[in-house]
Structure formats: structure tokens, C-alpha cells
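As C-alpha cells, the structure follows; a few thoughts come after it.
The values are calculated or read from the model by the stated rules, or taken from the named source; none is laboratory data. Small disclaimer: the values here were computed from a predicted structure and weren't measured. Ideal geometry is used to build each Cβ from the backbone, glycine not excepted, and the neighbour counts take in all protein chains shown.
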Amino acid sequence: MKRLIGSNIVRKILIPSFLMLASTALWAADVSTKKVNVEVENRNLPSDSVYQLPIILEDQQGSKFKFSAHSGKVTLISMFYNSCEFVCPMLIDTIQLLEEKLSTDEQKKISTLLVTFDPVRDDLPTLESIAKNKNLDAKQWKIARTDIASVRQLAATLNIQYRQMDSGEFNHTSVIILLDEQGRILARSGELGTVDGEFLEKIKLAIKRTSF
């Protein structure tokens with residue numbers, strides 16, 4: 001009887017331990033595979049490209065895409081949240097003012113990516129509503145959301161400061177960032193409600209220098 005009890009105890013200890021070790025090994029292998037995949041995907045990007053950040057986003061049409069998939073065009077990128085009543089709507093209006101200063105051909109060679117700080121409240125219907133109310137062309141504009149951890153990573157990568165207050169609203173940096181087609185930061189503008197002439201010229205120059 002003692003031997004049987006001892007045997008059962010050994011089984012109770014060894015079997016869960018074995019399963020835990022096996023699970024850990026599989027998890028490590030999965031992480032390793034994902035790391036390799038990211039490295040392969042981003043090997044053609046420069047080391048200072050923001051597209052090195054391996055995050056997944058969802059746009060206003062419900063399409064999920066890798067951040068790195070947004071490369072290939074000169075891009076204006078910023079962060080916002082929908083319940084912001086003044087600054088964030090003005091941010092979108094300012095980008096539209098910049099677009100109006102570009103020729104039709106230049107407009108086709110630039111895209112805009114806005115990512116919300118508030119993915120919990122800014123769900124897909126909310127993103128759709130923003131795009132509709134602002135008359136944003138889905139071919140040129142992506143209004144996107146991602147998970148909270150990725151929001152933090154993206155904000156840090158773009159050097160955008162933000163903090164959620166007890167009210168649920170956000171204090172945040174309001175800035176429009178210009179990226180080249182490989183995701184390198186070329187310029188930043190904090191001017192809202194008007195056209196930043198110097199920033200506009202940098203947009204035009206970046207479009208002119210693109211490889212297509």
C-alpha cells in the first residue's frame with residue numbers, strides 16, 4: 001500500500017511538471033517563430049523605420065493589417081481619440097487642409113493613418129462613423145485601432161505623450177508626423193487649424209523623392 005501511494009504521488013508530481021515543461025517549450029518555439037517571421041518581414045526596412053514595430057491594427061472597414069504593410073507611400077500619421085471634442089477633430093481638419101494644398105497626383109501618393117488612444121470605446125462602428133462624418137476616402141485614410149499594449153508601444157515609437165485621466169479622457173501630444181515610404185520620420189508639426197507651410201513643403205519634397 002505504501003508503494004502504491006508513493007507511486008501515485010510521483011505521478012501527481014511528474015505528470016503536471018512534464019506537461020508544464022512541454023507547454024513552456026511549445027510557447028518558446030512559437031515566440032521564436034514569430035520573432036523570425038517579423039525579422040524576415042522587416043529585413044528590407046531601415047533600422048530607424050517605425051514599421052519595425054510588429055503590431056496589428058484594424059481600420060474603419062474592419063480590415064486587419066500589419067503596421068509594416070502601411071509602407072510604400074509617404075504617410076501622415078498621428079494618434080487621437082473619438083470623444084475628444086476639440087483638438088482631435090481639429091487634427092483631422094488640419095490634415096485635410098494640407099491635402100487641399102496638394103495636387104491630385106500628389107494626393108494619390110500620400111496616405112494618412114490615425115490610431116486611437118482609446119480602443120475600448122473606439123470600436124469599429126465608431127471608426128466607421130468618424131470616416132463617414134469627415135468624408136474620408138478609405139483609399140487614402142485609415143482610422144485604426146489596436147490593443148492597449150500596442151497603443152503604448154506605438155506612442156513611444158512616435159514620441160507621442162499621453163495619459164488617461166480618471167474621467168476617461170486623455171491628455172496627449174497633438175502632432176502630425178511625416179513618414180517616408182520606408183517609415184522613417186522626416187518631420188513633425190504641432191500646428192493645428194492652419195497650414196504649416198514648412199511642413200507642407202517637406203510633404204511635397206518627400207512625395208517627389210519617392211521611388212514610384
For the stretch 39-76, how many residues meet the condition of being modelled with pLDDT under 95 and among the basic types (Lys, Arg)? 2
Going by what's in this entry, would residue 122 be described as surrounded by fewer than 16 Cβ atoms within 10 Å (Cβ to Cβ), over 29 Å from residue 206 (Cα atoms) and either assigned by TED's automatic domain parsing to the domain that holds residue 69 or modelled with pLDDT under 95 (or both)? no
Scanning for something in a loop (DSSP other than H, G, I, E, B), surrounded by fewer than 20 Cβ atoms within 10 Å (Cβ to Cβ) and of a type in the set (A, V, I, L, M), does the stretch 93-106 turn up at least one residue? yes
Hits in the stretch 175-186 - residues which are within 17 Å of residue 91 (Cβ to Cβ) and surrounded by fewer than 19 Cβ atoms within 10 Å (Cβ to Cβ): 175
Given (1) crowded, with 18+ Cβ neighbours inside 10 Å; (2) in contact with a strand residue (DSSP E or B) (Cβ under 7 Å, 6 or more places away or on another chain); (3) of a type outside the set (A, V, I, L, M, F, W, C), identify the lone condition not met by residue 171. (1)
Pick from the stretch 146-160, criterion over 19 Å from residue 179 (Cβ atoms) and not charged (D, E, K, R), ranking: surrounded by the fewest Cβ atoms within 10 Å (Cβ to Cβ): 149
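Determine which member of the set 196, 180 is among the charged types (D, E, K, R) and within 18 Å of the chain's Cα centre (by Cα). If you could, list the steps in order and put the result at the bottom.
Details: 196 fails: within 18 Å of the chain's Cα centre (by Cα).
Selected residue: 180, the only one of 196, 180 that is among the charged types (D, E, K, R) and within 18 Å of the chain's Cα centre (by Cα).
Could you say whether any residue in the stretch 197-212 is touching a Gly at 6+ places or on another chain (Cβ under 7 Å), in contact (Cβ under 8 Å) with a residue 12 or more places away in the chain and of a type in the set (A, V, I, L, M)?
no
Is it true that residue 36 is over 30 Å from residue 116 (Cβ atoms), modelled with pLDDT under 50 and of a type in the set (Val, Ile, Thr)? Steps first, answer last, please.
On the way: over 30 Å from residue 116 (Cβ atoms): yes; modelled with pLDDT under 50: yes; of a type in the set (Val, Ile, Thr): yes.
So residue 36 passes the test.
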Any residue that is surrounded by fewer than 20 Cβ atoms within 10 Å (Cβ to Cβ) and under 14 Å from the mean Cα position of the chain (by Cα) - is there at least one of those in the stretch 127-145? no
Do we find a residue being at pLDDT below 95 and either within 21 Å of residue 180 (Cα to Cα) or not in a loop (DSSP other than H, G, I, E, B) (or both) anywhere in the stretch 77-87? yes
Can you name every residue in the stretch 154-196 that is in contact (Cβ under 8 Å) with a residue 12 or more places away in the chain and small (Gly, Ala, Ser)? 155, 168, 174, 183, 187, 189, 190, 193
